[in-house]
Amino acid sequence: MKQIKWGILGCGGIAQKFAEALQHTEGATLYAAAARDGKRASAFAHQWGFEKSIQGYRALVSDPEVDIIYIATPHSYHYAHTRLCLEAGKHVLCEKPVTINAGQLDALIELARKKELFMMEAMWTRFLPGIIRVKEMISDGLIGDVVTLDADFGINFPFDAAHRIYNPFLAGGALLDIGIYPLFFALYLFGEPVVLKAHSILNESMIDLTTSIIAQSKSGTICNLQSTTQANTPVKARISGTKGYIELAQWWFTPIDIALHIEGKDEQILAFPPISNGYEYEAMEAVRCLNEGKTESNIMPLSFSMMLMQQMDKIRKMTGITYPDPIESVDIPYGWNEL
Ligand SMILES: NC(=O)c1ccc[n+]([C@@H]2O[C@H](COP(=O)([O-])OP(=O)(O)OC[C@H]3O[C@@H](n4cnc5c(N)ncnc54)[C@H](OP(=O)(O)O)[C@@H]3O)[C@@H](O)[C@H]2O)c1
């Protein structure tokens, strides 16, 4: 296996977790960490054992040794930063949501294909063994015909106008940040919904504090999906069918224990301890794809990211979630001057 040299773009909270996981990823070399501030990059590189630190994102993409860049900046920068990497000839693993809207994603897919570069959304949940097992249990008919999915993700974030959760210029709000997980789960398990309804509580900046989604799948499953930045909710998921139900305990999107309840049988607990912190599986997939010369993952293809983004666009239209014009654009990448 060829060693893949990773670059980190933005040394914030999630980059820390990803760097920890990279240490446990076979075939991954922790090569360079880049931050807007050189000292911050240096501290991060030292903490996680990267070979070098780099000040500035433009300098990172100009480094000839970097193979792939993990983008860990706030949502509204994903488009501009992915574009920066692709134009410089670098493969990309970009944090979720991969862009703000489907139009931006479409433009990036076109660019990645033109440049023949790998691009994938870092939807880590998709790669977790427990989540994959849930889908298999459903396909195997263990709980019969699936009638409902209930999934929530709520965290009580104290108000801070500058924080990315509340700042409209950073595409704040519940849906794009945490509501994406239950929506992802519904699409992964049941495909594109035939009916989609949503309602949000917005604040004065027109970003959503709470969003509730009802999606009906082609096979007739009703999905009740909730997200909020105003309360610590149970963060559990339950899939119920005609023969039983599957329960994913707190932090369901990174399940360690899964409970299977089949009518007439004892509860069965299935354990899925991660190798590191769970982020290693998406990194392993990127390393595998690059080693096999693939420009897309067949596990998390760009067509899936597009379906997810299109559903979020529809939900935003229904609920009125609105962001300032510049961050929605494909022509004037917001923050381009801050690279
Ligand atoms: N997969 C997951 O489980 C997970 C969890 C949390 C977050 N995320 C995703 O990761 C992304 C980043 O989230 P985070 O929680 O890591 O954010 P964060 O801690 O605020 O870090 C964001 C980083 O973005 C960079 N940045 C560039 N321009 C910025 C600006 N104008 N304002 C603020 N930061 C700027 C900064 O990098 P410098 O170091 O260069 O200053 C900062 O360290 C989000 O898109 C989020 O959806 C994913």
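What follows is calculated from the coordinates using simple rules that are stated; it is not laboratory data. Note that the structure is predicted; figures quoted are calculated from it, not measured. Virtual Cβ from ideal backbone geometry, glycine too; neighbours counted across all protein chains shown.
If you count, for each residue, the other Cβ atoms within 10 Å and average over each peptide, how do 278-288, 259-269 line up from highest to lowest?
Working: 278-288: 23.1, 259-269: 12.4.
Output ranking for 278-288, 259-269: 278-288, 259-269.
Go through 174-186, 117-129, 194-206 and give me the packing order, highest mean Cβ count within 10 Å leading.
Numbers: 174-186: 25.8, 117-129: 22.6, 194-206: 15.2.
Final packing ranking: 174-186, 117-129, 194-206.
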Using r as the Cβ-Cβ distance of residue 313 and residue 268, and R0 as 45 Å, what FRET efficiency do you calculate, to the nearest 0.05?
0.70
Karplus 3J(HN,Hα) series, Hz, for the range 232-239 with 6.51 cos²θ - 1.76 cosθ + 1.60 (x for Gly, Pro):
7, 8, x, 6, 10, 9, 9, 10
Can you give the alpha-carbon Rg of the chain over 2.2 N^0.38 Å, where N counts its residues?
0.98
Can you work out ³J(HN,Hα) from phi for every residue in the range 20-30, in order, using Karplus 6.51 cos²θ - 1.76 cosθ + 1.60 and θ = phi - 60°, giving whole Hz and x for Gly and Pro?
4, 5, 4, 4, 10, 9, 4, x, 9, 9, 7
Which far-off residues, 5 or more places away or on another chain, put their amide H under 5 Å from the one on residue 69, with H placed in the peptide plane?
7, 91, 92, 93
Using a Cα-Cα cut-off of under 20 Å, which aspartates and glutamates could be cross-linked to residue 265, ignoring same-chain neighbours fewer than 8 residues away?
136, 140, 145, 247, 257
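As a footprinting exposure proxy, order 257, 63, 160 by other Cβ within 10 Å, with the fewest listed first. Don't skip to the answer; put the middle values down first.
Values: 257 14, 63 17, 160 10.
Lowest to highest Cβ neighbour count: 160, 257, 63.
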One-quarter of the Cα convex hull surface for the range 111-240, in nm²?
9.9
Over the Cα atoms of the range 240-315 the radius of gyration and the largest Cα-Cα distance (Dmax), both in Å, equal 17.1, 49
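Between residue 325 and residue 1, take the C-beta separation as r, use R0 = 35 Å, and let me know the FRET efficiency to the nearest 0.05.
Values: r = 45 Å, r/R0 = 1.29.
About 0.20, to the nearest 0.05.
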For the chain, the dipole about the Cα centre with charges only on Cβ (Lys and Arg +1, Asp and Glu -1), to the nearest 20 debye, works out at 280
For the residue pair residue 62 and residue 113, what label-to-label distance in nm results when each label sits 7 Å from Cα along the Cα-to-beta-carbon direction?
3.2
Once the dipole of the chain is set up with Lys and Arg at +1 and Asp and Glu at -1 on Cβ about the Cα centre, which of 4, 237, 223 lies farthest towards its positive end?
4
